[in-house]
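The values are calculated or read from the model by the stated rules, or taken from the named source; none is laboratory data. The structure presented is a predicted model; accordingly, all values stated were derived computationally and were not measured. Counting neighbours? That spans all protein chains shown, and the Cβs are built from the backbone with ideal geometry, glycine included.
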Amino acid sequence: MTSRLAARMSRVKPSAIRELLRLGADPNVISFGGGYPDASLFPIAGLDEVFRKTLAENGQEALQYTVSNGMPLLRRQIAERMTRDGVPCTTDEVLILQGGQQGLDLVAKMLVDKDDVIVVEDPTFLGALIAFNPCEPRYVTVGMDEDGMDVEALDAALKANPGAKFIYTVPDFHNPTGVTMSLARRKRLVEIANAHDIIILEDSPYREIRFEGERIPPIKSFDTEGRVIYLGSFSKILAPGLRLGWAVASTDLIEQLGLLKLAADTQTSTLNMAVASRFLADYDIDAHIGTIRSAYRHKKNLMLDTIRQSFPQEIACTDASGGLFTWLTFPEGFDTAAFMLDHALPEARVAYVPGATFFALDQRPNHARLSYSTQTDERLVAGITALGNVLKSHMGS
Ligand code: PMP
């Protein structure tokens with residue numbers, strides 16, 4: 001029956017990294033591939049108590065349908081947190097989502113017709129491309145450097161593509177590069193978006209996982225025209241299995257997104273929203289986030305120190321001040337996907353994500369994404385050292 005599929009299904013393909021990650025799921029392989037948070041950091045005792053209390057004290061409400069935009073109390077709590085982070089907003093400007101990922105899907109559905117242009121960073125979050133693809137967009141890519149998206153190149157790209165629908169950016173501890181957009185670039189990005197009258201989709205699930213340096217206000221905090229849609233997530237600060245995220249946008253856009261949310265899944269799980277809300281009320285989530293930050297700071301430093309000691313000199317890596325990832329750049333002509341299958345997996349028993357898949361258009365083969373979040377210290381050092389040895393033996397340095 002697959003001959004009956006809609007045309008859009010030609011853009012819905014299993015991602016190449018699935019297969020590679022399956023290979024990396026072998027327990028004898030040390031995988032730096034997945035972008036999962038460290039499960040040992042989930043506040044299980046707290047959540048256990050909160051789930052039990054929620055069911056015992058508010059069971060009927062917590063198991064009932066609720067409004068499609070999400071439980072008002074949780075939306076208010078999120079609005080308060082966003083306001084403290086420099087994005088003053090009200091309950092009506094918040095929509096609860098089934099993870100930030102659902103926001104990517106709904107925003108594309110809301111804005112994009114076939115062949116419309118979406119501007120994405122080069123490289124970009126693969127899950128965003130997967131969410132946008134069924135809308136059959138055209139992509140225009142804008143390069144990045146250590147300060148994030150090259151906004152002057154963006155300006156030129158928008159001049160060349162009038163009518164582009166939105167700009168997608170991950171400004172904080174970018175997936176896959178780990179890079180954070182500078183303050184000056186954020187302000188300039190909003191100026192450029194205003195001049196071209198285009199929407200910005202600011203996707204920031206790692207925002208609170210900063211372990212070094214000064215916080216930089218969200219892009220949305222510079223938005224005076226209601227053109228920035230902000231996506232946040234509980235996945236990295238509480239637990240991804242709860243599937244809880246949120247959008248903050250002007251009420252007219254939230255209303256449209258809410259209609260799509262209703263069509264997609266009626267609402268996010270009432271029980272999970274009630275639990276998150278109670279967790280925010282009864283527990284010190286900021287103290288918990290502090291614990292997560294220190295754990296990842298330690299892991300990031302350990303990974304970078306080990307890379308510096310054991311990798312050939314000609315491989316560059318980014319030094320993220322937050323989030324879960326470092327991004328490797330190999331010399332031109334090096335193919336990280338082939339190297340993984342031919343050498344990293346069989347010889348070092350190590351997996352990573354080859355970088356090509358993160359590029360919307362020009363899939364450059366000489367990059368890789370490593371995540372430091374899930375391995376123990378011992379396995380992290382053993383895996384990176386083994387990978388370094390195999391790289392040295394094949395790169396001749
Ligand atoms: N955006 C980015 C950049 C991500 O890396 C992820 C996955 N961690 C998401 C969105 C979606 O996360 P979730 O749906 O779990 O909130």
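Table for the structure above
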{"quantity": "From the options Ala276, Ala263, Ala287, residue that is under 21 Å from the mean Cα position of the chain (by Cα) and either outside any loop (DSSP other than H, G, I, E, B) or buried (at least 20 other Cβ atoms within 10 Å of the Cβ) (or both)", "calculated": "Ala276"}
{"quantity": "Check on Asp26, within 21 Å of Tyr206 (Cα to Cα) and under 27 Å from the mean Cα position of the chain (by Cα)", "calculated": "no"}
{"quantity": "Matching option when the condition is more than 30 Å from Met273 (Cα to Cα) and under 20 Å from the mean Cα position of the chain (by Cα), among Glu146, Glu152, Glu136", "calculated": "Glu146"}
{"quantity": "Considering residues of the range 192-223 that are of a type in the set (Gly, Ala, Ser) and away from the ligand (no atom under 16 Å from the Cβ) only, the residue surrounded by the fewest Cβ atoms within 10 Å (Cβ to Cβ)", "calculated": "Gly213"}
{"quantity": "Test: Ser321 is under 23 Å from Phe234 (Cα atoms) and either of a type in the set (Asp, Glu) or at pLDDT 95 or above (or both)", "calculated": "yes"}
{"quantity": "Residue ID - nearest to the ligand (Cβ to nearest atom), chosen from residues in the range 224-260 that are in a helix (DSSP H, G or I) and within 22 Å of Ile209 (Cβ to Cβ)", "calculated": "Pro240"}
{"quantity": "Residue list for the range 32-46, filter: touching a residue at least 40 places away in the same chain (Cβ under 8 Å) and either more than 16 Å from the ligand (Cβ to nearest atom) or part of a loop (DSSP other than H, G, I, E, B) (or both)", "calculated": "Phe32, Gly33, Gly34, Gly35, Tyr36, Pro37, Asp38, Phe42, Pro43, Gly46"}
{"quantity": "Number of the condition not met by Met181 [criteria: (1) more than 25 Å from Asp116 (Cα to Cα); (2) among the hydrophobic types (A, V, I, L, M, F, W, C); (3) in contact (Cβ under 8 Å) with a residue 40 or more places away in the chain; (4) crowded, with 21+ Cβ neighbours inside 10 Å]", "calculated": "(3)"}
{"quantity": "Total residues in the range 87-132, condition within 15 Å of the ligand (Cβ to nearest atom) and part of a helix (DSSP H, G or I)", "calculated": "17"}
